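Contents: one structure, followed by commentary.
The values are calculated or read from the model by the stated rules, or taken from the named source; none is laboratory data. Here the structure is a predicted model, which means the values were calculated and not measured. Every residue, glycine among them, receives a Cβ derived from its backbone with ideal geometry; neighbour counts consider all protein chains shown. Side chains are part of the model used for accessible areas, which takes the heavy atoms of the whole protein and leaves out ligands, DNA and RNA. Shrake-Rupley method; radii C 1.70, N 1.55, O 1.52, S 1.80 Å.
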Amino acid sequence: MSAPAPEPLPIILVPGLNCSARLYAEQIPVLWQFGPVTVADHRRDNSMAAIARRILAGAPPRFAVAGLSMGGYIAFEIVRQAPGRVAKLALLDTGPGAEVPERTAQRKPLIELAQQGRFAEVTEDQFPWLVHRKRHSDATLKAAVRAMNEDTGPEAYIRQQQAIMARPDSRPGLEAIDCPTLVLVGDDDRLTPPELSHEMAKAIPGAQLVVVPDSGHLSTMEQPQAVNVALVEWLKS
């Protein structure tokens, strides 16, 4: 007699800055095998606390959450607000620290572009930073990133940047995370470099670290198969 199938675990995927559900297009069909998948809407608030509260208000009682970049910052806030509801945590291409002045200085010109009606230029400015060096001329990937930016829109983008700049430092809480945790990063991620993932994986008890070869910051889009393998292992853990 075969063992009964495990109970489905709802999965919440949180996109990054200026990203939409398209970020996880290659993951959703694979993760759906483990439970219902929701892509969080993180466009409506300008603080991490408010974004997390809105996601939690519509979330199941217990769930797995995965977030990439800004989505990781939001995932940290979800864990802070409702640690008992998070069954599994995946931190993709993200970092645990608060904003630093150098990054704020880099964000302000991008916010000004959005405010000036030049939002399309944000994609042109950021794309080389988001992907592996070998993908800078990848027109298909660039079009997909541009579509995510259009899904977001300038007003939501500005709110997201405000939330990121005011985010709290999550490092003091890393040792208290007690659910199965995946930390994943592209080996050529220049926005949240691999050393940040090493730091998180070392501090979170039992965390699994995966470094994805030939990937920049948008690992779910650049190397979807490698990311899917890691996420499946995480959900099976």
Tell me, what % of the accessible area of segment 1-111 is carbon and sulfur with a 1.4 angstrom probe?
59
Taking the alpha-carbon centre of each part, the distance from segment 191-220 to segment 133-182 in Å is 14
To the nearest 500 deg cm²/dmol, what mean residue ellipticity at 222 nm is calculated for the chain from DSSP H runs of n ≥ 4 alone, each contributing -39,500 (n - 2.57), summed and divided by the residues?
-13000 deg cm²/dmol
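Rounded to two decimals, what is Rg over Rh for the chain when you use alpha-carbon atoms and the Kirkwood radius?
Here the Rg-to-Rh quotient is 0.95.
If you roll a 1.4 Å probe over segment 190-237 with all protein chains in place, what percent of the accessible area is carbon or sulfur? Don't skip to the answer; put the middle values down first.
Values: 1180 of 2110 Å².
C and S atoms contribute 56 percent here.
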1/(1 + (r/R0)^6) with r = Cβ-Cβ of Q81 and E233, R0 = 22 Å, i.e. FRET efficiency to nearest 0.05, evaluates to 0.25
Given a 1.4 Å probe and the protein chains all in place, what does the accessible area of D125 round to, in Å² to the nearest 10?
70
In units of 2.2 N^0.38 Å, the Cα radius of gyration of segment 42-83 is 1.03
Where labels lie 7 Å past Cα in the beta-carbon direction, separation of E150 and S137 in nm:
2.5
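Quick one: putting +1 on the C-beta of Lys and Arg, -1 on the C-beta of Asp and Glu, what dipole do you get for segment 121-237 around its Cα centre, in Debye to the nearest 20?
With Lys and Arg at +1 and Asp and Glu at -1, about 100 debye.
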Could you put E26, E199 in order of accessible surface area, largest first, with the 1.4 Å probe and the full protein assembly present?
E26, E199
How big is the accessible area of C19 in square angstrom, nearest 10, if you roll a 1.4 angstrom probe over the protein chains?
10
Cα-based Rg and Dmax for segment 158-237, where Dmax is the largest Cα-Cα distance (Å)
13.6, 37
Find the Rg to Rh ratio for segment 101-169, where Rh is the Kirkwood radius over alpha-carbon pairs and Rg uses the same atoms.
0.99
Label points 7 Å out from Cα along the Cβ direction at E112 and E7: separation in nm?
5.4
Taking all pairs of distinct Cα atoms, average 1/r, flip it, and tell me the Kirkwood hydrodynamic radius of segment 1-133 in Å to one decimal place.
16.3
Considering only protein heavy atoms, what per residue accessible area in square angstrom results for the chain with a 1.4 angstrom probe?
46
